[in-house]
1. 5 Å is the cut-off here: which amide hydrogens, built 1.01 Å from N in the peptide plane, fall below it relative to CYS180, excluding neighbours closer than 5 in sequence?
2. Going by the alpha-carbon gyration tensor, a ≥ b ≥ c the square roots of its eigenvalues, is the stretch 71-228 rounded (a/c under 1.5) or, if a/c is not under 1.5, prolate (a/b greater than b/c) versus oblate?
3. Could you pull out the pairs from LYS130/LYS222; LYS79/LYS127; LYS123/LYS186 whose alpha carbons sit more than 20 Å apart here?
4. Want the number for GLU138 to SER102: 0.36 nm per residue separation, take away the alpha-carbon distance, what's left?
5. Could you rank the peptides 215-222, 163-170, 120-127, 73-80 by their average count of other C-beta atoms within 10 Å per residue, with the highest value first?
6. Need one number: nm distance between label points at SER147 and LYS225, each 7 Å from Cα along Cα→Cβ, rounded to one decimal.
7. So, R0 is 22 Å and r is the distance between the beta-carbons of VAL192 and SER212; what FRET efficiency does that work out to, to 0.05?
Amino acid sequence: MGMKGKVALGAVVGVVVIGVVSANAGNNGDGGTDKGSSASAEREAGGKKGAKDTGKAEVAEKKAAFAGDGDFQVGSDIKPGTYRTTGNSDGMCYWERAKDASGEMDSLLANDNVTGTSYVTLKATDKLFKSSDCNDWEAVGEKAQGSPAARISGDGGMFAVGADIVPGTYKSTGNTDDSCYWERTKDAGHGVESILANDNVNGTAVVRISASDAYFKTNGCKDWKKTG
């Protein structure tokens, strides 16, 4: 029952975000969604790290990599910073940032259901990070490093601009059921204020991803190809 509630909560937050940004329809033309990149997911496929508390060295490592299931107190169990989970293929990965451990709606800062890759930035003011059915999380630097690609998996999750994908104009064609969602963001906080632009697409989508964007999220879309 708990999991069902969490999934529903994630879906509700997603709808609210889409609704708020769609009200500013003028921004929708040049946006994208931060979703996990398949290229990134493939590069990081071997990066799942299960931390075992068997000694001091393990405790130090636990700060930089932690399990995909559990509740973690920010500041003691895990440090503030940006973390990434990759290779989530069944749509069951769910996470949330919370300002306290009450479990109430008012404590929720941000949440998401993940397919592919997700990046999340935890602030020092966050109190709790909850993760369920996700692959293990690993810390990434101030800016993720990688070999950027010019092709994006349409259901890959979040892509770090400049690390996972190169900036430019991308096109996704053949979207037939309105399930394609994209989002351009300025950070990995996942709040409404993080979103630069987003849209739900039927048919062909064209999005300009700027070099100043932090992430591009894509879910339920046909693959994106760079056209310019």
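1. HN-HN under 5 Å from CYS180: VAL201.
2. prolate
3. Pairs exceeding 20 Å: LYS130/LYS222.
4. Details: separation 36, 0.36 × 36 = 12.96 nm, distance 2.59 nm.
Stretched fully, the GLU138-SER102 segment lengthens by 10.4 nm.
5. 215-222, 163-170, 120-127, 73-80
6. Result for the modelled spin labels: 2.2 nm.
7. 0.70
Quick note: the coordinates plus some simple rules give every number you see, no bench work behind them. Note that the structure is predicted; figures quoted are calculated from it, not measured. A quick note on method: Cβ atoms are made from the backbone with ideal geometry, for glycine too, and the neighbour counts reach across all protein chains shown.
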